[in-house]
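S.K.: Just dropping this structure here.
Bear in mind that the values in this text are calculations on the coordinates, not laboratory data. This structure is a prediction, so every number in the text was calculated from the model and none was measured. Virtual Cβ from ideal backbone geometry, glycine too; neighbours counted across all protein chains shown.
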């Protein structure tokens, strides 16, 4: 067992580390730990993992044994709940239990710009990456966006790369076991119900998100959305905060007026960019843009680098992505929308919509929350998958609703019932896990079904 409050004085050679979970983040943490000279046990629930063991690397599969309790430190992967028995035993023995994000942060002195929120994390992180890159920095993007932080820290240490900036997209899961992690600039975009199958309450979910600024000390900054009531209530008394908002506000660095986004004070504003210069659609994306710009500005990036990044930025796959098709319909792939708030944001960006909803509910979702945004915009609903019946029961009395189970049938039905020039919007408000391994595969299947329709009509 180690004292992580004295982390800089720890000699890692032969320190015993257990890594729970052999996914991407677990394997990356293992790689970093081994490079430090530590002895690592990877513990995985699956029965088979293709990993070559070494004298310093042990593997157990098929569950988590008491071997883990013989560790100096436990690194828990984000997909594993700390409610499981072995983690509870570790807590009782006072073994330090940390996230992969926490562990990685101990081994870099480079600036860290970190972003969390219920929605918009990937777009904001990717956009911030481009802004900082435009200014000439060596930038590494990681966390929840695909490349584990441990992988980037390992690469940085191996290469000796100077002038590096780490940009991290962070989920609530990754923020659950934070001890010392202190980004130079943290940002919380928004808070709405999500992952209620993991958390007992919204307060528990919010607390996990707030861990991003748990150790905030000068000169670090916390950026947050002035329009988010939950954040405003929780953070209004915090020091070193910078607000962002689409609305004119003397406390923000950027604001919207008409079709323009301005930088600077309301009395002497400077045009940052015109709305039609960005491919990102919808009010929520304007907030993402302003959040990224605010972080870049605090980091010292010039407005010219910020505006060029905004103008050049391409829409990310599965996030309100237009799917080209010669049929007289507009297809939008928003498969990443796995909660109600993100679906509402998508609905508010289009008109004359046939909306595809469904998949696997994350738990405790009230789909009637969609109704207000649907007024005047959504003409028909296609409900599919495990959540189809629940969705249908909430909305069928308010809008034309069709219920199917199979995803392909949902796409075909949407085409069948839609009038010419309608927007067929896949924005499911649920995870994909009833029929697909992830939202990317679901979004790819959306494209494939559309392409098959094109071939039929040729």
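S.K.: Once semi-axes √(5λ) of the Cα gyration tensor in Å is worked out from the coordinates, which option in (i) 38, 29, 20; (ii) 74, 29, 21; (iii) 37, 33, 21 does it equal?
M.R.: So the structure-derived entry is (i).
S.K.: Can you give the FRET efficiency for residue 322 and residue 60, using 1/(1 + (r/R0)^6), R0 = 41 Å, r = Cβ-Cβ distance, to the nearest 0.05?
M.R.: Values: r = 47 Å, r/R0 = 1.14.
My answer for the efficiency is 0.30.
S.K.: By counting other Cβ atoms within 10 Å of each Cβ, how are 310, 11 ranked from fewest to most? Walk me through the numbers before you get to the answer.
M.R.: Numbers: 310 22, 11 8.
With the sparsest Cβ surroundings first, the list reads 11, 310.
S.K.: Given a cut-off of under 8 Å on Cα pairs at least six residues apart, what relative contact order in percent is computed for segment 4-95?
M.R.: Working: 148 pairs, mean separation 27.6, N = 92.
Relative CO of segment 4-95 lands at 30 percent.
S.K.: Contact order normalised by length for segment 321-457, with contacts defined as Cα pairs under 8 Å and 6 or more residues apart; what percent is it? Can you show the working numbers first?
M.R.: Numbers: 284 pairs, mean separation 50.2, N = 137.
After rounding, I find 37 percent.
S.K.: Under the 0.36 nm per residue contour assumption, what length would be gained going from the current alpha-carbon distance of residue 11 and residue 216 to full extension? Present the calculation step by step, with values, prior to reporting the outcome.
M.R.: Working: separation 205, 0.36 × 205 = 73.80 nm, distance 2.65 nm.
Gain in length upon complete extension: 71.1 nm.
S.K.: Something else: Among 71-80, 393-402, 36-45, what's the highest-first ranking by average C-beta atoms within 10 angstrom per residue?
M.R.: Details: 71-80: 22.8, 393-402: 15.8, 36-45: 19.7.
So the peptides 71-80, 393-402, 36-45, ranked by packing, come out 71-80, 36-45, 393-402.
S.K.: May I ask you to order 233-240, 106-113, 365-372 by the average number of other C-beta atoms within 10 Å around their residues, highest value first?
M.R.: Values: 233-240: 12.4, 106-113: 17.9, 365-372: 16.2.
Per-residue mean Cβ counts within 10 Å order the peptides as 106-113, 365-372, 233-240.
S.K.: Between helix 121-134 and the chain, what is the angle of the helix's C-alpha long axis to the longest principal axis, kept within 0 to 90° and rounded to the nearest 10?
M.R.: Compared with the principal axis, the helix lies near 70 degrees.
S.K.: If r is the Cβ-Cβ distance from residue 369 to residue 53 and R0 is 35 Å, what FRET efficiency results, to the nearest 0.05? If you can, show how the numbers build up before the last one.
M.R.: Details: r = 49 Å, r/R0 = 1.41.
FRET efficiency, residue 369 to residue 53: 0.10.
S.K.: Of the peptides 183-191, 345-353, 379-387, 83-91, how do they stack up when ordered by the mean number of other Cβ atoms within 10 Å, highest first? Could the numbers behind the result be given before it?
M.R.: On the way: 183-191: 25.1, 345-353: 20.3, 379-387: 23.6, 83-91: 14.8.
The most tightly packed comes first, giving 183-191, 379-387, 345-353, 83-91.
S.K.: In degrees between 0 and 90, to the nearest 10, how far off the longest principal axis of the chain does helix 24-35 point, with axes built from Cα atoms?
M.R.: The two axes meet at around 30 degrees.
S.K.: 7 Å from Cα along Cα→Cβ at both residue 419 and residue 315: what's the point-to-point distance in nm?
M.R.: 2.3 nm
S.K.: With labels modelled as points extended 7 Å from the Cα through the Cβ direction, what inter-label distance (nm, one decimal) is found for residue 257 paired with residue 89?
M.R.: Distance between label points: 6.4 nm.
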